[in-house]
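Please treat every number below as a calculation from the coordinates, not as lab data. The model shown is predicted, which means the values in this text are computed figures rather than measured ones. As a convention, Cβ positions derive from the backbone with ideal geometry for all residues, glycine included, and neighbour counts pool all protein chains shown.
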Amino acid sequence: MPKITSVEPQKKNPKRFNVFMDGEFAFGADEDLVVSYRLLPGKVIEKEELEKLIYEAEVGKLMERMYGLFSIRQRSEKEVRDYLRNLSFKRKIKDKEEISEITIDLLVERLKTKGLLNDLEFAKAWVEARRKSKQKGERALKMELFQKGIDREIIEKVLSEPFDFAQGEEDLAKLALEKKMKAWKNLPPQEFKKKAYEFLMRKGFDYSVVKEVLEDL
């Protein structure tokens, strides 16, 4: 069980304290919280009590920020963790209270419990949106999801599922190419083929898909 090793007043706000557990920063607390829970060096804290403490001290406030973040679009777990670590770094630069990894872990679990954070649902929504709006190929989608921190198993599962608005990668590639047809209609055949090939490869379609689409055209 974690033990409080130090309770130090903050430089900019002496009425708030940094609580360290097992030698690492755990959370910030105001004077009332320190007194109410008798947060003194040497005190051992049960897991349930620690979660309650951190929620009262930090998670409750950060949840409001999370609601704002998720109102824009869904997020992956990696995006949430990166966002919170970046926020903590900005606070550190300004000599303000940082966000501990314990707090981040607890906040992530809270978001999962509330159904806001789900990497599988995020991946499904991301793939659907990118296919519809950007006509992205499977190779590009894999890379994007990987960068979002999505597990390989989830990526394979989501990309193996059929999508409603096209029959497959070939149809999606043709749909993407349609937007360029008017601009390129007067090009010589070889130049058109070269531009179409480069365009579809940049979109993340496999060579076999691009080859088939161009042969059909």
Quiz prompt | Count - residues of segment 31-72 that are surrounded by fewer than 15 Cβ atoms within 10 Å (Cβ to Cβ) and of a type in the set (Asp, Glu) | solution = 6
Quiz item: Which members of segment 101-127 meet the condition of being within 10 Å of residue 76 (Cβ to Cβ) and among the polar types (S, T, N, Q)?
Solution: 118
Quiz item: Restricting attention to segment 112-165, which residues are under 14 Å from the mean Cα position of the chain (by Cα) and buried (at least 20 other Cβ atoms within 10 Å of the Cβ)?
Solution: 117, 119, 122, 123, 126, 145, 150
Self-check item: Hits in segment 138-156 (condition: touching a residue at least 24 places away in the same chain (Cβ under 8 Å) and of a type in the set (Asp, Glu))
Solution: 138, 151
Self-check item: Within segment 4-30, considering residues that are exposed (fewer than 13 other Cβ atoms within 10 Å of the Cβ), among the charged types (D, E, K, R) and in contact with a strand residue (DSSP E or B) (Cβ under 7 Å, 6 or more places away or on another chain), the one nearest to residue 88 (Cα to Cα)
Solution: 8
